[in-house]
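Trainee: Here it is: the structure, laid out below.
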Amino acid sequence: MDRFVFLTVDGLSRGAVYAAFALALVLIWRAARVVNFAQGAMAVAAAYVAYTVSTATGSYWLGFVVAIVAGLLLGALVDRVVMRHVDHASPLNPVIVALGLVLLIQAVLGMVYGSEFRPAEAPFSRSALTVGGVAVLSPYDLFVFATIGVVVSGLAWMFARTPVGLRMRAAAFAPEVSRLLGVNVGGMLTLGWALASGVGALAAMLVLPTELGLHPHAMDLVFVSAFTAAVVGGLDSPPGAVVGGLVVGLLLSYVSGYAGSDLTPLAVLVLLLAVLLVRPGGLFAPVAARRV
Amino acid sequence: MPPREQLDDPGGRPVDRRRGSTLLRHLAVVLAAGLLLVAISYSVEPFRNFQLATVAAYLCATAGLTVLTGLNGQLSLGHGALMATGAYTVALCQTAFADRGMTGGWLLPLSLAAAIASTVAVGAVVGVAAARLRGPYLAGVTLAVAVVVPALAVTFDGVFNGEQGLSVPVEPPPLSLGPYFPYERWQLWVTGAATLLALLLLANLIRSRYGRIFRAVRDDEVAARLAGIHVARTQVLAFVVSAATAGLGGALLAVLAQSVSPGAFSLTLSLFLLMAVVIGGLGRLTGALWGAVLLVALPDLTHSVTEMLTLSPAVAQRLEGNLPLAIFGLTLIVVMIAAPGGVQGLLSRLGRALLARRPTRRS
Amino acid sequence: MSGTDLLVVRGLVAGYGAAPVLRAVDLTVPAGTIAAVVGANGAGKTTLLRALSGMIRPAAGQVLLAGEDLRGTPVEQLVRRGMAHVPEGRGVISELTVDENLRLGGLWRRDRADAGRALDEVYQLFEPLARRRRHLGHQLSGGERQMLALGRALVGRPRLLLLDEPSLGLAPRVVARTMALLRQLRDRTGLTVLLVEQNVRSALAVADQGVVMSLGRVVIAAPAVQLRDDVDLRHAYLGF
Ligand SMILES: Nc1ncnc2c1ncn2[C@@H]1O[C@H](COP(=O)(O)OP(=O)(O)O)[C@@H](O)[C@H]1O
Ligand SMILES: [Mg+2]
């Protein structure tokens with residue numbers, strides 16, 4: 001029972017990160033109809049920038065902030081310099097370009113930082129506090145929950161309640177009409193990329209201390225897990241992405257705890273295939289069978 | 001030229017009524033290429049032989065991916081994993097043969113056949129799933145395959161020996177070729193023969209009814225369905241064919257390197273393959289050749305460049321490993337934005353432009 | 001007269017590919033009037049509106065709004081110049097609520113207080129919308145969508161309203177009400193309207209000027225009364 005509680009909390013903590021990362025994927029998918037396969041690489045790049053700043057200044061928090069800013073800028077840059085110029089007539093094209101970005105970013109990181117693992121420090125202790133003799137959650141888990149809670153509810157508030165959120169939704173749903181109504185659709189798209197990439201960078205900062213550390217490929221498997229989370233929730237649904245992230249986090253934690261951590265990659269693949277073959281629109285989509 | 005035939009084939013070459021002669025023409029081209037390879041194998045140094053053999057192994061995989069992505073419109077980011085399947089199968093077979101003290105020229109073809117068979121099985125499973133998926137979903141699933149499958153070598157390290165990998169015992173060249181026959185030349189012969197055979201089959205497939213069906217499904221699924229084509233079955237078939245050649249390519253690479261490890265079949269390899277077919281020109285076997293050449297030539301080129309620059313060993317090593325990747329990635333982006341037809345597309349556009357100008361010059 | 005011409009179009013050429021759809025269109029709409037553009041299907045009426053609002057870039061010609069040349073003005077700037085375009089099919093964003101759709105129409109405005117007033121006025125003008133504020137666009141009836149599209153344009157307090165086939169798919173009673181509303185807006189607020197219609201009778205009934213398009217050209221521009229009453233013209237160009 002103790003173990004179950006521990007695995008559940010641990011799963012929710014990882015799941016929160018997957019949720020944020022999946023949310024970032026969904027943001028871009030809704031705005032641009034592109035699954036940003038480069039999001040993992042972009043997030044790692046931001047984390048490396050944070051690493052540089054933190055080692056130079058000795059301040060974790062400065063690095064943390066810089067990572068998010070770097071993520072925002074990188075997202076805007078990728079939209080303006082690359083994605084905007086891709087012919088979206090075939091859905092293959094943006095996917096292929098995103099993969100080119102993966103190669104490019106990972107190679108540049110490899111050239112600058114080498115491919116050995118760098119330590120990714122956690123700002124709070126990762127050893128669990130015990131409540132009534134049961135190890136429950138660590139201060140770091142709390143930090144993760146709080147950060148992601150703030151970000152997710154902040155985004156939800158922004159999209160639902162603010163003028164800029166309304167503009168972004170309108171631009172995503174009906175770009176032509178939105179332009180007629182004075183919405184700067186291109187700007188909203190860039191903002192969407194920036195926000196998504198910023199959230200991705202944040203997720204990387206939160207997940208890397210729980211992994212082997214910083215490495216150009218450090219987010220590859222996280223990306224696959226988050227993509228699975230987004231698919232579980234339905235690529236079009238931000239709340240779905242959050243729930244999907246938690247589901248994937250829990251599943252991986254249980255598999256890793258009860259069957260061995262080596263099996264988690266396989267579990268992700270099986271879950272992804274199962275969801276896509278059984279409920280292609282995601283678990284929360286209306287039942288109407290949709291071809292994906 | 002009857003217009004109907006032109007309609008069938010984007011290249012504008014006749015397809016239907018001369019199928020017999022198409023086969024003959026392909027055979028002739030393959031034989032000529034084989035003779036050329038043999039001639040080359042005698043005239044260049046062993047290292048170049050090895051490089052050419054590597055090109056041939058990659059060509060298997062890029063040609064298969066060309067059929068899948070270019071001809072059938074299915075994106076696969078998982079071909080590196082399929083190559084790994086072939087490579088590990090060949091390693092296990094060859095080791096089993098060696099352990100039992102078996103020898104003979106037929107063992108390697110048998111191992112290669114087993115590699116193809118096992119990859120076909122894996123490809124069929126992925127292909128059945130792939131046939132139900134489109135666009136980013138298909139890309140995501142195959143990406144997951146690419147990331148997860150190499151990790152299985154660690155999961156089941158009892159069989160696959162983890163990150164260390166397995167060695168692939170390969171017999172020396174047959175004695176009938178003489179005692180001093182260079183091993184690299186023999187490698188080129190083996191991989192060249194296997195690749196040419198695979199290419200012959202693929203080229204005929206492309207020119208056959210199946211090739212047209214593949215393209216019909218790629219161009220318009222609904223129309224294809226209305227025309228009585230079984231879309232899902234076609235897509236699975238394309239995936240299986242493509243998997244078979246990828247498996248062969250991986251097996252040949254393992255034979256060349258005489259070892260396999262998960263690191264050699266990472267996500268990066270899958271992306272490389274995709275990049276190769278995109279840069280070469282999606283949907284053309286000649287494009288696959290360009291891609292395979294690039295895969296071998298570019299790292300070699302950057303190696304020479306980093307050697308020319310005087311760099312500290314650490315920096316040189318970082319550059320050497322990553323510069324080709326960066327160039328690949330950048331090229332992929334630029335090609336997709338500026339020239340979606342790839343190198344081969346550019347060449348044929350150039351050729352057509354030249355051809356189009358000739359009559360006016362005469363008149 | 002030319003001092004009060006709100007919209008002047010000279011030699012406008014525009015299209016979608018190599019062959020232009022509009023071939024040298026000339027048109028003048030005085031401020032505070034309604035001009036009805038009529039013509040057969042495919043005559044280029046929608047294309048004209050799209051070229052005016054910059055959704056397609058004209059190949060040649062001039063568009064003056066209150067004397068200002070609109071060439072090179074991005075689409076999203078046109079609302080700031082006082083032009084509102086309700087596109088064919090109305091362009092209600094079905095994933096947004098009625099309230100969000102309406103607010104979107106005034107988001108560009110600096111004067112937030114007046115944007116709020118304009119929103120209230122629209123709710124007063126179209127009561128059914130006020131009752132369905134929280135409903136999503138796709139839950140509305142055809143008539144309600146029409147109100148929403150029109151109301152969303154009005155929230156921006158435009159000088160010139162481009163309307164593409166507002167009567168399409170609506171019951172005759174609703175069409176009549178819409179036309180009456182246009183006349184009322186013209187008379188009360190001085191709104192200028194360029195109204196594209198298939199429904200020639202209703203359009204000419206409300207319009208000051210009738211413009212007949214055929215094969216990408218304006219073939220007649222005359223007072224609407226004249227078009228209504230001249231049987232020969234009607235027979236030749238309008239088929240009734
Ligand atoms: N998006 C488009 N691409 C190409 N041609 C178009 C497009 N839209 C309209 N057309 C062509 O332009 C011509 C005028 O169309 P349109 O302006 O919609 O006519 P109307 O609104 O008067 O019925 C028609 O011949 C139509 O086929
Ligand atoms: Mg029209």
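Trainee: If I ask for residues that are more than 16 Å from ligand 2 (Cβ to nearest atom), within 14 Å of chain A (Cβ to nearest Cβ) and among the basic types (Lys, Arg), which ones from region C:20-67 would you list?
Mentor: Hit for region C:20-67 is C:57, nothing else.
Trainee: Among A:32, A:22, which is the only one that is at pLDDT 95 or above and either surrounded by fewer than 24 Cβ atoms within 10 Å (Cβ to Cβ) or within 14 Å of chain B (Cβ to nearest Cβ) (or both)?
Mentor: Result: A:22 is the single residue among A:32, A:22 that is at pLDDT 95 or above and either surrounded by fewer than 24 Cβ atoms within 10 Å (Cβ to Cβ) or within 14 Å of chain B (Cβ to nearest Cβ) (or both).
Trainee: Within region A:191-244, which residues are hydroxyl-bearing (Ser, Thr, Tyr) and either within 14 Å of chain B (Cβ to nearest Cβ) or touching a helix residue (DSSP H, G or I) at 6+ places or on another chain (Cβ under 6 Å) (or both)?
Mentor: Across region A:191-244, the qualifying residues are A:197, A:225, A:228.
Trainee: I want to confirm something. Restricting to region A:59-99 and keeping residues that are over 17 Å from the mean Cα position of the chain (by Cα), of a type in the set (Gly, Ala, Ser) and within 14 Å of chain B (Cβ to nearest Cβ), which single residue is surrounded by the fewest Cβ atoms within 10 Å (Cβ to Cβ)?
Mentor: In this case the residue turns out to be A:89.
Trainee: Using the structure shown, decide if residue C:215 is within 16 Å of ligand 2 (Cβ to nearest atom), more than 14 Å from every other protein chain (Cβ to nearest Cβ) and either under 16 Å from residue C:44 (Cα atoms) or surrounded by 16 or more Cβ atoms within 10 Å (Cβ to Cβ) (or both).
Mentor: Working: within 16 Å of ligand 2 (Cβ to nearest atom): yes; more than 14 Å from every other protein chain (Cβ to nearest Cβ): yes; either under 16 Å from residue C:44 (Cα atoms) or surrounded by 16 or more Cβ atoms within 10 Å (Cβ to Cβ) (or both): yes.
For residue C:215, the condition - within 16 Å of ligand 2 (Cβ to nearest atom), more than 14 Å from every other protein chain (Cβ to nearest Cβ) and either under 16 Å from residue C:44 (Cα atoms) or surrounded by 16 or more Cβ atoms within 10 Å (Cβ to Cβ) (or both) - is met.
Trainee: Same structure, new question: Name every residue in region C:159-191 that is surrounded by 21 or more Cβ atoms within 10 Å (Cβ to Cβ) and under 19 Å from residue C:106 (Cβ atoms), in order of residue number.
Mentor: C:160, C:161, C:162, C:163, C:191
Trainee: Another question, if that's okay. If you go through region B:297-309 one residue at a time, do you hit one that is more than 23 Å from residue A:101 (Cα to Cα), modelled with pLDDT under 80, within 14 Å of chain A (Cβ to nearest Cβ) and open to solvent by 20 Å² or more (accessible area, probe 1.4 Å)?
Mentor: Yes; the residues of region B:297-309 include at least one that is more than 23 Å from residue A:101 (Cα to Cα), modelled with pLDDT under 80, within 14 Å of chain A (Cβ to nearest Cβ) and open to solvent by 20 Å² or more (accessible area, probe 1.4 Å).
Trainee: Residues that are within 27 Å of residue C:228 (Cα to Cα) and open to solvent by 10 Å² or more (accessible area, probe 1.4 Å): which strands (runs of 3 or more DSSP E) entirely in region C:1-79 hold 1 or more of them?
Mentor: C:5-15, C:20-30, C:34-39
Trainee: Moving on to the next point. Which residue out of B:103, B:142 is assigned to a loop (DSSP other than H, G, I, E, B) and of a type in the set (S, T, N, Q)?
Mentor: One residue alone meets the criteria, B:103.
Trainee: Please find, among A:98, A:38, the residue that is modelled with pLDDT under 95 and under 26 Å from residue B:318 (Cα atoms).
Mentor: Only one candidate qualifies: A:98.
Trainee: Here's another thing I want to ask about it. What's the number of the only condition in (1) touching a Leu at 6+ places or on another chain (Cβ under 6 Å); (2) within 14 Å of another protein chain (Cβ to nearest Cβ) that residue B:131 fails to meet?
Mentor: Condition not satisfied by residue B:131: (1).
Trainee: Got at least one residue in region A:263-280 being at pLDDT 85 or above and of a type in the set (Gly, Ala, Ser)?
Mentor: Yes: region A:263-280 contains one or more residues that are at pLDDT 85 or above and of a type in the set (Gly, Ala, Ser).
Trainee: Would a scan of region A:145-161 turn up a residue that is within 14 Å of chain B (Cβ to nearest Cβ), open to solvent by 60 Å² or more (accessible area, probe 1.4 Å) and not hydroxyl-bearing (Ser, Thr, Tyr)?
Mentor: no
Trainee: Return yes or no: is residue A:180 within 14 Å of chain C (Cβ to nearest Cβ) and in contact with a strand residue (DSSP E or B) (Cβ under 9 Å, 6 or more places away or on another chain)? Show your work before the answer.
Mentor: Values: within 14 Å of chain C (Cβ to nearest Cβ): yes; in contact with a strand residue (DSSP E or B) (Cβ under 9 Å, 6 or more places away or on another chain): yes.
Against the criterion (within 14 Å of chain C (Cβ to nearest Cβ) and in contact with a strand residue (DSSP E or B) (Cβ under 9 Å, 6 or more places away or on another chain)), residue A:180 qualifies.
Trainee: Exactly one condition in (1) away from ligand 1 (no atom under 14 Å from the Cβ); (2) free of Cβ contacts under 8 Å to residues at least 12 places away in the same chain is false for residue C:64; which is it?
Mentor: (2)
Listed here are the residues, each with its yes/no results for (1) closer than 29 Å to residue C:203 by Cβ; (2) more than 16 Å from ligand 2 (Cβ to nearest atom); (3) away from chain A (no Cβ under 14 Å); (4) in contact with a Leu (Cβ under 6 Å, 6 or more places away or on another chain).
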residue	(1), (2), (3), (4)
C:141	yes, yes, yes, no
C:150	yes, yes, no, no
C:154	yes, yes, no, no
C:164	yes, no, no, yes
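Trainee: Given the conditions (1) within 14 Å of chain B (Cβ to nearest Cβ); (2) touching a Ser or Thr at 6+ places or on another chain (Cβ under 8 Å), and given that residue A:138 satisfies all but one, which numbered condition is not satisfied?
Mentor: (1)
Trainee: Identify, by number, the condition in (1) crowded, with 20+ Cβ neighbours inside 10 Å; (2) without any contact (Cβ under 8 Å) to a residue 12 or more places away in the chain that residue B:230 doesn't meet.
Mentor: (1)
Trainee: With the checklist (1) at pLDDT 90 or above; (2) open to solvent by less than 40 Å² (accessible area, probe 1.4 Å) in hand, flag the one item residue A:243 doesn't pass.
Mentor: Residue A:243 satisfies every listed condition except (2).
Trainee: Which residue out of B:164, B:187 is touching a residue at least 40 places away in the same chain (Cβ under 8 Å), open to solvent by 50 Å² or more (accessible area, probe 1.4 Å), within 30 Å of residue B:103 (Cα to Cα) and more than 9 Å from chain A (Cβ to nearest Cβ)?
Mentor: Answer to the check: B:164.
Trainee: Among the residues of region C:91-143, which ones are open to solvent by 30 Å² or more (accessible area, probe 1.4 Å) and among the acidic types (Asp, Glu)?
Mentor: Of everything in region C:91-143, those that are open to solvent by 30 Å² or more (accessible area, probe 1.4 Å) and among the acidic types (Asp, Glu) turn out to be C:95, C:111, C:120, C:121, C:127.
Trainee: Could you check, for region C:167-181, whether at least one of its residues is at pLDDT 95 or above, in contact with a helix residue (DSSP H, G or I) (Cβ under 7 Å, 6 or more places away or on another chain), more than 14 Å from chain A (Cβ to nearest Cβ) and away from ligand 2 (no atom under 16 Å from the Cβ)?
Mentor: Start the filter on region C:167-181 by keeping residues that are at pLDDT 95 or above, which leaves none.
No: region C:167-181 contains no residue that is at pLDDT 95 or above, in contact with a helix residue (DSSP H, G or I) (Cβ under 7 Å, 6 or more places away or on another chain), more than 14 Å from chain A (Cβ to nearest Cβ) and away from ligand 2 (no atom under 16 Å from the Cβ).
Trainee: Still on this model: Out of everything in region B:246-296 that is in a loop (DSSP other than H, G, I, E, B) and within 14 Å of another protein chain (Cβ to nearest Cβ), what residue ends up being most open to solvent (accessible area, probe 1.4 Å)?
Mentor: Step by step, filter region B:246-296, then rank; the result is B:282.
Trainee: From the set of residues in region C:70-89 that are away from ligand 1 (no atom under 16 Å from the Cβ) and closer than 26 Å to residue C:18 by Cβ, which is farthest from the other protein chains (Cβ to nearest Cβ)?
Mentor: The residue in question is C:71.
Trainee: Keeping to region C:29-47, report how many residues are more than 7 Å from ligand 1 (Cβ to nearest atom) and either free of Cβ contacts under 8 Å to residues at least 12 places away in the same chain or touching a Leu at 6+ places or on another chain (Cβ under 7 Å) (or both).
Mentor: Count: 8.
The values are calculated or read from the model by the stated rules, or taken from the named source; none is laboratory data. No experiment lies behind these values; they were computed from the predicted model shown. Counting neighbours? That spans all protein chains shown, and the Cβs are built from the backbone with ideal geometry, glycine included. All accessible areas refer to the heavy atoms of the entire protein, side chains included, with ligands and DNA or RNA removed. Shrake-Rupley method; radii C 1.70, N 1.55, O 1.52, S 1.80 Å.
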